[in-house]
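Comments concern the structure below.
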Amino acid sequence: MKSLCRMNGRWLLTALLLAALSMTGCSGNDVSAGPAGDPGAPAATADPGAPPVAVGSPGTSPGTPGALVDPETPVPASTTPPPEGTVAKALVVTGTLVGDAAAALTGAPLAGVAPASGTPTSVPITETVASGQVAVVLIDETGSVAANQTVTAANGNFILVPPPGHTYVLLFRDTSPTGRTISPLIADKKTGRISFSLPVGSPDLNLGNITFDSQLGKAWTWTDVALAPPAVAFPFTTIEWRGSSDVPTEAPPTPLFGAQPFTQEMMLFEEFGPEAMPAAAAAGFTPFPQPQNAQSGPAPAQLEAFLAQAGVAPYPTRLSNVNDTNPWKGAIEAFLGHALIQPPAGVPGPAEGRPSGEDWAQQNWDQFFPQKFFKTTVAPARNNGGFRDAHQRHGYSVGEFAPGGLYHNVAGVLPGTAKGLAIQLHPNMPIQNPNSVWTFDGTLPPKLLQARYGETVLMRNYDALPIDITANNGFGRHTITTHEHNGHSPGESDGFAGAFFFPGQFYDYHWPLQLAGFSNNNNAAGAINYDASDPKAAMPCEAGETLPVLVNGVLTTRTCQDGRIQIPGDWRETMSSHWFHDHMLDHTAENVYKGNATMMNYYSALDRGNEAVNDGVNLRFPSGTALNWGNRDYDMNLVIADKATDQAGQLWFNPGRHDDGQLAVQALHRRARAQLPFPHPERLGVAHHGARAGAAGGRLRR
């Protein structure tokens, strides 16, 4: 029996792969008059904007934060009922449905309507409702439809004649076969109340212009029409309420090709497997392979062979390499139809994408010279060629990765290798085209960097994406920059959004991986654990391993003792679970959603990744015991993301939704919904990180 599930205290804090979305809707509306050619439309004023609160799910109180009273609480009607034997006068409720605020970035304004200054464009119903029609439905306290009318973009006017003396909710529904509820009308913007009463003796009610927001699921009047509180509790659970989980992507539903939830084994991450930094550039190193054409990256076999080479060339330098030329320079110039421009320093089209000069020099290069390095590339989707099999610390031979273990078969089908693994959202679904998905190495499984505090790592990241900026299957930018999220990294290696580089180039990211407080400009005053004497501030290590360490500001070689090498800095600042991802200016969401993201584990004296080490410092999180550090038998990296596809099953994203993000329709773990392969799932915990691109990441312990 395996140990019961336990959760460590790791949390990724932030905005693939990622589920965790922070969604915001467009507020306001630009319509200042009724639809052109409709003399019956009520006079309108400038839209005061969306209500300050979003409507909650049915049966809940959507009141403002801190409210002490449920806004849906009934308030007995004060109107005296008519004398017995008389018939109450029927009420007339009128209004005009103008359009959808949520589609403001993708649609056109209503014909003949001038936009109001400073407010987003409201678009016709046809932009977000498949049928082009909306049913305006008034439901009473019995759950019955009291009145309804269908409106269109051409004529949004409605006239409802409900009986007075009842409590109502006004719903807007799509008349297409889905019949989904788009939104209810908010009756009170201050509290978010949606139920209201129409007492006997009430005058006719003109709601005026109404805007709905199909993204946030709410609708509001422009003129704050006063609607009386409910006289009785409204039975929210008795009415069809389909819109709360039907957030549109403005595309047809994702076809599943017969795929069912929880029908494929969870795929574990593939380690980058850093190598020791060599003393010099590798001799006879094959250069970065040429693209097949302007719309493609290199041939998969050539890219695999390039990445599989030992060593690195050209050799990393403190200053950006502006003397060597981008190997794709000729292909780029042929596509552009002109020569690349001569920069102030270096050659036209330099090999390295890091800007030139001292401002972008690698900081503390001599103090923290890279001890380990790895090379990778953000590349179009391809089958995994298996070269990283040899870089897995577990070697598919120990612990749960050994034959017969839980994870020996990659994705449940490939014994002891990732070779041959294609990129699919599910085995029933189509293989992704090269430019539908862009990942590190261009492959699955998604990648993992195992790093140790105190051991400086250099990542050389190549851009293998198409030269043609339009060769992206509709979304994603071929210029990239990599951000190690929440890492204590120097600015030139932090993935600044404007420090992006181009196809064919590489960028050397220098990550010292030191504990915060290790130095105060080499001054003991203000530094923490300056003499590197605290046993809680340390790197886990192998017997006989050495490491250059700053001790009292002087580089000193230390040897592994009791499984650790002590380093300077504040152990209370120890971090554990990180991720790194694309940070391209204005295109982060697209690129991360497309696959440009991976995980990173920090190992330390507190978390050695070996649950058997009981030295009074190691927290002994569930992990395994086969390796001295960094066991992953029971330490699960987990990324959850929501994805949508087009009708051919290719990954799809709406780049027009930059203001409010996109909530897609299928929740995926790494590449699909997955059955957690644990015999004891009673106590699973997950750390999470939210991003507008729709990804959440963390680590599970069991």
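The values are calculated or read from the model by the stated rules, or taken from the named source; none is laboratory data. Note that this is a predicted model, so its numbers are computed, not measured. Methodologically, a virtual Cβ is constructed for each residue, glycine included, from the backbone with ideal geometry; neighbour enumeration extends over all protein chains shown. Each accessible area value is taken on the protein alone, full model and side chains, heavy atoms only, with ligands, DNA and RNA left out. Shrake-Rupley method; radii C 1.70, N 1.55, O 1.52, S 1.80 Å.
Given R0 = 35 Å, the distance between the Cβ atoms of Thr317 and Ala612 translates into a calculated FRET efficiency of 0.25. Using the average count of surrounding beta-carbon atoms within 10 Å as a protection proxy, the listed peptides 556-564, 270-278, 482-490 rank, highest first, as 482-490, 270-278, 556-564. The loop-placed GluC sites (Glu not before Pro) in the range 528-633, going by DSSP, that have at most 12 neighbouring Cβ atoms within 10 Å of their Cβ come out as Glu542.
Here the Karplus relation 6.51 cos²θ - 1.76 cosθ + 1.60, evaluated at θ = phi - 60°, turns the backbone of the range 477-485 into coupling constants of 10, 7, 9, 9, 8, 10, 10, 7, 5 Hz, with x for every Gly and Pro.
Under a 5 Å amide H cut-off, with hydrogens placed 1.01 Å from N, Trp652 pairs with Ala644, Thr645, Asp646 among residues at least 5 apart or on other chains. Label point 7 Å out from Leu340 along Cα-to-Cβ: which residues of the range 502-524 have amide N under 14 Å? Once the point is set 7 Å along Cα→Cβ of Leu340, 502-507 turn out to lie under 14 Å by backbone N, inside the range 502-524. For the peptides 365-375, 449-459, the ranking by mean Cβ contacts within 10 Å, running from highest to lowest, is 449-459, 365-375. Accessible surface of Ile640, taken over heavy atoms with a 1.4 Å probe and every protein chain present, rounds to 60 Å².
Find, among the chymotrypsin sites (Phe, Trp or Tyr not before Pro) in the range 457-499, those assigned to loop by DSSP (not H, G, I, E, B) with at most 15 other beta-carbon atoms within 10 angstrom.
Phe496
Spin-label model, Ala525 to Ala648: label points 7 Å out along the Cα-to-beta-carbon direction sit 6.7 nm apart. In this structure, the residue pairs whose Cα-Cα separation is over 19 Å, taken from Lys329/Lys372; Lys447/Lys594; Lys419/Lys594; Lys372/Lys447; Lys329/Lys447; Lys419/Lys447, are Lys329/Lys372; Lys419/Lys594; Lys329/Lys447.
Computed from the C-beta positions of Ser144 and Asn428 and an R0 of 60 Å, the FRET efficiency is 0.90 to the nearest 0.05.
Annotation: lysines with alpha-carbon distance below 30 angstrom to Lys189 (same-chain offsets under eight excluded): Lys89, Lys218. Distances between placed amide hydrogens fall under 5 Å for Arg558 paired with Leu547, Val549, all partners being 5 or more residues away or on another chain. Label point of Val398 set 7 angstrom out along Cα-Cβ; within the range 593-618, amide nitrogens under 17 Å from it belong to 603-604, 608-614. In order along the range 271-278, phi translates into HN-Hα couplings of 6, 4, x, x, 9, 5, 5, x Hz, rounded to whole numbers, per the Karplus curve 6.51 cos²θ - 1.76 cosθ + 1.60 with θ = phi - 60° and x for Gly and Pro. For the pair Asn293 and Ser533, the difference between a 0.36 nm per residue extended length and the Cα-Cα distance amounts to 80.8 nm.
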